[in-house]
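So that we are looking at the same thing, I have put the structure below in structure tokens.
Just so it is clear, none of the values below were taken in a lab; they were calculated from the coordinates. Because the structure is predicted, anything quoted here is derived from the model rather than measured. For neighbour counting, all protein chains shown are included, and Cβ atoms are generated from backbone atoms with ideal geometry for every residue, glycine included.
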Amino acid sequence: MNDSPRFRSFVALGDSFTEGMSDALPDGTYQGWADRLARRLAAGQVDFRYANLAVRGKLIGQIAREQVPVAAAMNADLVTLVGGLNDVLRPRCDLRAVFERLAWSVERLAPTCSCLVLMRSPARRGPVLERYRNRLTLLYRFIDDLAARHDALVVDVYASRTLGDSRLWADDRLHLTGEGHRRVTEAVWQALGFPATFDWDAPLPAAIPPHWLTRLGADARFAREHLLPWVGRRLTGRSSGDGRLPKRPDLSPLAWEDSR
């Protein structure tokens, strides 16, 4: 007898993490853990439907305003909501407002689905994490309490030592690589009650530290290609997601060739 859950529909909400940056496909588009999970869930189901409303750069207020009402109206079996990290990583953050918008979102979504999944998002080890660790701790503690009140599931990938490894993060140091997204997919898969296919938190092989000149070059490239553009957007009030639409705005069938 198979006791694994079955979901006929799945809606993913959030920011760049759920959109799939930087898990790039050959054509330059992104897949990410949510797309990977959708393909797994769709296997063997001819009627499976999937929507991904996530857009890079979105703050929790924008997710609540632009994505939550749309997702709630879809009445999907499975809903994932991951947001708030962009807020707490900004120099100024109103944590009370973040919590209020998260709570409103969960209150709106929980009654519309059979399973609501929240997440303690992964974080790359380093000085940036240490600077914002207190905010992250408060955010994730609130998510735990919120999930307990609304019978939601929390997937904790923040506690993972392996997902903090810099080798699982892209050159922009903000987004996971394809291997990182593959591991997050497996973590969610197992949390949903499906049998494990591999140890998602298995450590990477030991690596020889790069030469200091290599590190210096990588730091200079990061500053030029990623840090300065990011600072420019902050100073001008712009976002990488401005004008960008969700890649799967409708709860539509996942084509068989996409689910293989």
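How far is the Cα center of segment 1-40 from the Cα center of segment 104-150, in Å?
19
Now for a different question. Below 8 Å, C-alpha to C-alpha, sequence gap of six or more: please give me the relative contact order for segment 9-201 in percent.
Details: 317 pairs, mean separation 45.3, N = 193.
Computed over segment 9-201, the figure is 23 percent.
Given segment 9-201 reduced to its alpha-carbon atoms as identical point scatterers, what log10 I(q)/I(0) does the Debye formula return at q = 0.11, 0.13, 0.14, 0.18 Å⁻¹?
Each listed q corresponds, in turn, to -0.45, -0.64, -0.75, -1.32.
Give me, ordered by chain and number, the residues 5 or more places off L153 or on other chains with an amide H under 5 Å from its own placed amide H.
L116, V117, L118
DSSP beta bridges in segment 9-201, what fraction antiparallel, as a percent rounded to 5?
Working: 2 of 19 bridges.
Looking only at bridges with both residues in segment 9-201, the antiparallel portion is about 10 percent.
What list do you get for L245, L153 if you sort them by fewest beta carbons within 10 Å?
Arranged by neighbour count, lowest to highest, L245, L153 become L245, L153.
I would also like to ask the following. Normalised by the number of residues in segment 75-147, what is the relative contact order in percent for Cα pairs under 8 Å and 6+ residues apart?
45
Related question: For a Förster distance of 51 Å, can you work out the FRET efficiency between the beta-carbons of H150 and V46, rounded to the nearest 0.05? Write out the running numbers ahead of the final one.
Working: r = 32 Å, r/R0 = 0.62.
The formula returns an efficiency of 0.95 here.
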